[in-house]
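The values are calculated or read from the model by the stated rules, or taken from the named source; none is laboratory data. On a predicted model such as this, the values are computed, not experimentally measured, just so you know. No Cβ is skipped: glycine too gets one built from the backbone with ideal geometry, and neighbour counts run over all protein chains shown.
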Amino acid sequence: MKTATIVGAGLVGSLWAVYLSKAGFKVKIYEKRPDIRTADISAGKSINLALSERGWKAFSTVGIADEIRKIAIPMYGRTMHDLEGNLTFQPYGKEGQAIYSVSRGGINAKMMEIAEKVGNAEIHCNEQCTDVDLENGIVYFENTITKAKSEVQSDLVFATDGAFSAVRYKGMQQLNRFNYEQRYIEDGYREILLPANADGSYKLEKNTLHIWPRGRFMLIALPNEDGSFTCTLFMPFEENKNSFENLKTRDQVDQFFKSTFPDFHELMPDVADTWEDHPLSSLAIVRCYPWVHGKVALMGDAAHATVPFYGQGMNCGFEDCSVMWELMQEHGDDWKKILDEYQISRKPNGDAVQDLSLDNYYVMRDFVGDPEFLLQKKFELRISELYPEKYLPLYSQVSFSHIPYAEAYKKGKEQDVFIKDIMAKNDISALFESGKIDGLIHEYYGDDN
């Protein structure tokens with residue numbers, strides 16, 4: 001039987017184990033952390049994740065989508081909260097289309113369970129990768145508790161051990177001509193848990209992603225199954241009036257929320273008391289290439305870690321699995337061909353999802369409360385309703401289709417220029433009010449165009 005070692009029992013590693021098992025591999029997963037299903041792990045760096053179409057496809061391919069649906073909450077759009085507490089709703093796509101909120105810990109535990117039960121994988125926790133032999137497919141481990149050392153050889157090794165991958169660092173980054181770039185953005189994040197009401201109900205509308213955009217910073221909230229919301233404040237570390245360095249005391253935190261997010265403060269007047277419950281964390285983008293050498297391949301964040309502002313980091317990693325699976329169907333056991341095509345096809349898309357994530361950070365932070373931006377989104381949505389075969393908004397291309405990220409990014413840029421030009425030449429707001437907007441759209445997108 002063919003053997004495979006997966007380093008990292010996170011989301012991508014656990015899913016990939018199911019795919020490999022389906023292909024006839026005996027799979028062993030090694031994870032440096034304690035088993036998340038039994039350990040008391042703080043939610044620390046567990047920004048809730050947004051599952052969209054690419055992720056669902058990866059689950060459906062191996063028949064596990066129904067299991068994941070049990071822990072996923074649909075969000076049909078963004079709800080923006082302004083300083084006065086006024087709400088504006090912006091749908092993500094067509095009616096009924098949604099992205100799904102999942103807690104990182106919850107889906108990780110579920111995926112590990114599926115890897116064992118469906119993928120027949122062995123999961124070994126508390127095993128730190130200390131070295132790797134890329135050519136011979138050997139990974140060296142040290143148990144973090146017993147300090148016992150071991151080496152594991154297999155036909156193939158897959159590194160799914162995250163943005164700061166030990167396999168990449170110990171192996172790939174030692175290679176001649178290996179390209180590597182690590183970039184931290186100037187903003188960090190801190191989590192806040194908004195608890196449910198006493199009766200277990202939600203304090204905010206459940207089926208939407210809540211955003212408090214404030215120009216240079218923002219607060220977001222995603223629903224959890226128990227009625228709570230995982231909220232995340234994204235803000236500069238320093239050198240800004242509104243920065244984490246200026247929120248050192250309980251009074252500073254309380255005053256900041258009271259003046260900046262007043263409706264949130266009303267929901268959670270004790271927010272300053274829970275401020276230290278979760279650590280202040282940083283955000284990085286990692287670009288590297290090649291992703292494959294010898295018997296080893298990088299997948300997920302180990303290959304293309306991104307910031308969380310398009311909700312596509314996890315989905316992109318899951319898509320790595322479904323794309324690799326399609327190549328396996330095409331090339332059989334020719335793993336050299338499979339891995340070469342995998343990295344050549346996925347690298348531009350890994351880069352594009354990072355560009356999309358950075359662009360969308362500015363959208364969420366600066367523009368989602370801007371009337372002109374909202375008008376453009378309303379205009380785009382109407383165009384796509386009238387001419388779905390001619391116009392698919394960028395967000396829909398990314399979240400509700402399987403169009404390659406790089407292609408979607410390029411097309412989205414072109415569409416944005418075209419739409420802004422139309423809006424500059426026409427009073428779109430007045431046309432909506434007069435009911436004449438469809439006529440303008442027909443002029444540009446009708447059969448003669």
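All of (1) in the same structural domain as M111 (by TED's automatic domain parsing); (2) within 28 Å of A72 (Cα to Cα) hold for E276 with one exception: (1). When G96 is tested against (1) loosely packed, with under 15 Cβ neighbours inside 10 Å; (2) of a type outside the set (S, T, Y); (3) at pLDDT 95 or above, only condition (3) is not met.
If you take just the helices (runs of 4 or more DSSP H) that sit entirely in the range 281-398, which of them hold at least 1 residues that are in contact (Cβ under 8 Å) with a residue 12 or more places away in the chain and under 14 Å from the mean Cα position of the chain (by Cα)?
On the way: elements: 301-304, 313-331, 335-362, 371-386.
Correct list: 301-304, 313-331, 335-362.
Applying the set (1) buried (at least 16 other Cβ atoms within 10 Å of the Cβ); (2) within 26 Å of R190 (Cα to Cα) to F89 leaves exactly one unmet item: (1).
When you look at G85, is it over 19 Å from the mean Cα position of the chain (by Cα), modelled with pLDDT of 95 or more and part of a loop (DSSP other than H, G, I, E, B), yes or no? So G85 fails the test. If the condition is being modelled with pLDDT of 90 or more and not acidic (D, E), then the range 353-372 contributes V353, Q354, L356, S357. Here A196 fulfils each of the conditions (1) in contact (Cβ under 8 Å) with a residue 60 or more places away in the chain; (2) more than 22 Å from A98 (Cα to Cα); (3) aliphatic (A, V, I, L, M); (4) not in a strand (DSSP E or B) apart from (1). Among the residues that make up the range 204-223, is at least one of them closer than 22 Å to I285 by Cβ, hydroxyl-bearing (S, T, Y) and surrounded by 17 or more Cβ atoms within 10 Å (Cβ to Cβ)? No: the range 204-223 contains no residue that is closer than 22 Å to I285 by Cβ, hydroxyl-bearing (S, T, Y) and surrounded by 17 or more Cβ atoms within 10 Å (Cβ to Cβ).
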